[in-house]
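For reference, the structure discussed in these notes is given below.
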Amino acid sequence: MRIVLVGPPGAGKGTQAARLAEKLRVPHISTGDLFRANISRQTELGKLAKSYMDAGNLVPDEVTIGMAKDRMGQPDAEKGFLLDGFPRTVSQAEALDELLRAEDIKLDAVLDLEAPEEEIVRRIAGRRTCRNDSAHVFHVTYSPPEKEGVCDVCGGELYQRDDDTEETVRKRLEVYHTQTEPIIDYYRAQGLLVTISALGPVEEITQRALSALKRED
Ligand code: AP5
Ligand code: ZN
């Protein structure tokens, strides 16, 4: 399956993507995680991305599209993938379409996770992320780790992302409305859009997503 996950920051895309990717047996490709891995390795790409991310802005399209294409070109993505946080602008969506056309493949669905703003702010304010792998995500009250400050998955240190400050979250939401929401209409017009509520327990949302994708588990 080839799926794109969209939704505002903090809606739970990363949380659901990890679970859905496992159930659907496709790699979870998150451009945010790829940027954060580059930041921790202190690569040139990481240095460039960090300045945009910390301000709550999008990393420029050329850079993001190049990185996403490289990742999608790896062998594990041949049979399918779950894209989390990409595309995020209409030009990224067009670049993805071009890539898919060149490979003669199609998306199966675009899953849109809906959540109200006050819930987004609560989720982001309490989020704790693993220093070793930003796909290991916890929440101080909604999904606390067994041991405070320590990742259950790998034992790494948990921290609060630099872009999770209240001011940056507000900026990220504004960027989402102006630059990312237009892709929802873009995919609706292609008949690919599937919208579900991102409210409720994590497992319930996974089941909701699977049945919306017609793959009940
Ligand atoms: P990215 O990492 O993609 O961030 P985002 O879209 O802002 O999304 P988040 O990671 O904040 O949230 P999420 O929806 O994954 O929620 P999560 O599962 O963690 O991007 C970061 C930055 O990178 C961007 O601002 C941009 O600068 C750059 N970037 C990335 N992609 C780009 C692109 N394509 N183009 C240009 N720039 C790009 O959940 C949030 C919290 O809620 C967690 O604590 C979790 O435990 C909790 N939670 C999850 N589900 C539930 C639930 N059901 N109930 C209660 N709590 C829950
Ligand atoms: Zn970890």
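What follows draws every value from the coordinates through simple rules; no lab data is involved. Remember, it's a predicted structure, so these values are computed and weren't measured experimentally. Every residue, glycine among them, receives a Cβ derived from its backbone with ideal geometry; neighbour counts consider all protein chains shown.
Here is how the numbers come out for the structure above:
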{"read-out": "Matching option when the condition is among the aliphatic types (A, V, I, L, M), closer than 24 Å to L199 by Cβ, crowded, with 22+ Cβ neighbours inside 10 Å and touching a helix residue (DSSP H, G or I) at 6+ places or on another chain (Cβ under 7 Å), among A11, A21, A17", "value": "A11"}
{"read-out": "Condition check for V202: among the hydrophobic types (A, V, I, L, M, F, W, C) and more than 19 Å from the chain's Cα centre (by Cα)", "value": "no"}
{"read-out": "Residue selected from the range 1-59 under the condition assigned to a loop (DSSP other than H, G, I, E, B) and hydrophobic (A, V, I, L, M, F, W, C), by the criterion farthest from V137 (Cα to Cα)", "value": "M1"}
{"read-out": "Pairs, first under 18 Å from E94 (Cβ atoms) and touching a residue at least 12 places away in the same chain (Cβ under 8 Å) in the range 55-80, second near ligand 1 (Cβ under 9 Å from one of its atoms) and small (G, A, S), C-beta under 7 Å, six or more apart", "value": "V59/A49"}
{"read-out": "Residue tally, condition of a type outside the set (S, T, Y) and either surrounded by 15 or more Cβ atoms within 10 Å (Cβ to Cβ) or within 11 Å of ligand 1 (Cβ to nearest atom) (or both), over the range 136-149", "value": "7"}
{"read-out": "Extreme residue, nearest to R208 (Cα to Cα), among residues of the range 95-135 that are free of Cβ contacts under 8 Å to residues at least 24 places away in the same chain and near ligand 1 (Cβ under 10 Å from one of its atoms)", "value": "R122"}
{"read-out": "Residue within the range 9-16 that is touching a strand residue (DSSP E or B) at 6+ places or on another chain (Cβ under 8 Å), of a type in the set (S, T, Y), within 11 Å of ligand 1 (Cβ to nearest atom) and within 24 Å of R131 (Cα to Cα) present", "value": "yes"}
{"read-out": "Residues of the range 36-79 classified as of a type outside the set (S, T, N, Q), surrounded by 17 or more Cβ atoms within 10 Å (Cβ to Cβ) and more than 8 Å from ligand 1 (Cβ to nearest atom), total", "value": "9"}
{"read-out": "Neighbours by Cβ (under 6 Å, 6+ apart or cross-chain): first from the range 1-30, over 13 Å from V110 (Cα atoms) and away from ligand 2 (no atom under 16 Å from the Cβ); second part of a helix (DSSP H, G or I) and of a type in the set (K, R)", "value": "P9/R172; G10/R123; I29/R71"}
